[in-house]
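Take a look at the structure below.
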Amino acid sequence: MSNSQLTQEQLEIINQQLGRMPRGVIKIAHETEKGIPTVLQTRSLVADKPFPTMYWLCSKDLHKAINKIETSGWTKSIEQRLEEDEDLRDVFYKNHQQYVKARWEAMLPEDNARLEDLGYIKLFEQYGIGGITNWTKVRCLHMQYAHHLCGENIIGQLMDQEFELNKLVINI
């Protein structure tokens, strides 16, 4: 699904959520039971530049809630837990591997060919969740949570457990 395949109502909601229309949207990857988009799936190549962030959080409510978590210092706390807990670190590493695999499977053939032409293919094996290359760091909780809503992500699961984001009422 490209922007042209999104309904006018969906496009209006996304524009209202983000304050602009994002480039490279393939489809709505996750939405609420009421049909409100929460995560967009994006192309791997936008304007001939690599874009390794497959899932983009578009919900204002989730964005605000996660901002509060980030400013509380939880990101550093969870990175410390990853450093100390081998089992947690192993699960997180597997989440990155699954993300890379899912991104390859979802990649448009024309993007794959162009990335190869531009010499970016190797990077897409290194870029994990949110385009991070150091898979022991979290970088951005928004991207982790977007991935959680669309796949397996231990950081998102922990955010639901500790902050009950999964119980948040999502509005446009």
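Summary table below
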quantity	calculated
Residues of the stretch 18-31 classified as over 16 Å from the mean Cα position of the chain (by Cα) and either of a type in the set (Val, Ile, Thr) or buried (at least 17 other Cβ atoms within 10 Å of the Cβ) (or both), total	0
Residue within the stretch 21-40 that is among the polar types (S, T, N, Q), part of a strand (DSSP E or B) and under 28 Å from Leu158 (Cα atoms) present	yes
Enumeration of residues in the stretch 47-76 that are aliphatic (A, V, I, L, M), surrounded by 15 or more Cβ atoms within 10 Å (Cβ to Cβ) and under 27 Å from Ile121 (Cα atoms)	Met54, Leu57
Qualifying helices (runs of 4 or more DSSP H) (wholly inside the stretch 72-172; at least 3 residues being under 19 Å from Ser59 (Cβ atoms), in contact (Cβ under 8 Å) with a residue 60 or more places away in the chain and not polar (S, T, N, Q))	141-150, 154-163
Gly151 vs. criteria under 22 Å from Asp85 (Cβ atoms), at pLDDT 95 or above and of a type in the set (Gly, Ala, Ser)	no
Candidate set: the stretch 44-93, residues that are basic (Lys, Arg) and at pLDDT 95 or above; chosen: the one farthest from the chain's Cα centre (by Cα)	Arg81
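Results for (1) surrounded by 13 or more Cβ atoms within 10 Å (Cβ to Cβ); (2) over 20 Å from Asp48 (Cβ atoms), shown as yes or no for each residue.
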| residue | (1), (2) |
| --- | --- |
| Ile78 | yes, yes |
| Glu83 | no, yes |
| Asp90 | no, yes |
| His96 | yes, yes |
| Arg114 | yes, no |
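The values are calculated or read from the model by the stated rules, or taken from the named source; none is laboratory data. Since the model is a prediction, treat every value here as computed from it, not as a measurement. Virtual Cβ from ideal backbone geometry, glycine too; neighbours counted across all protein chains shown.
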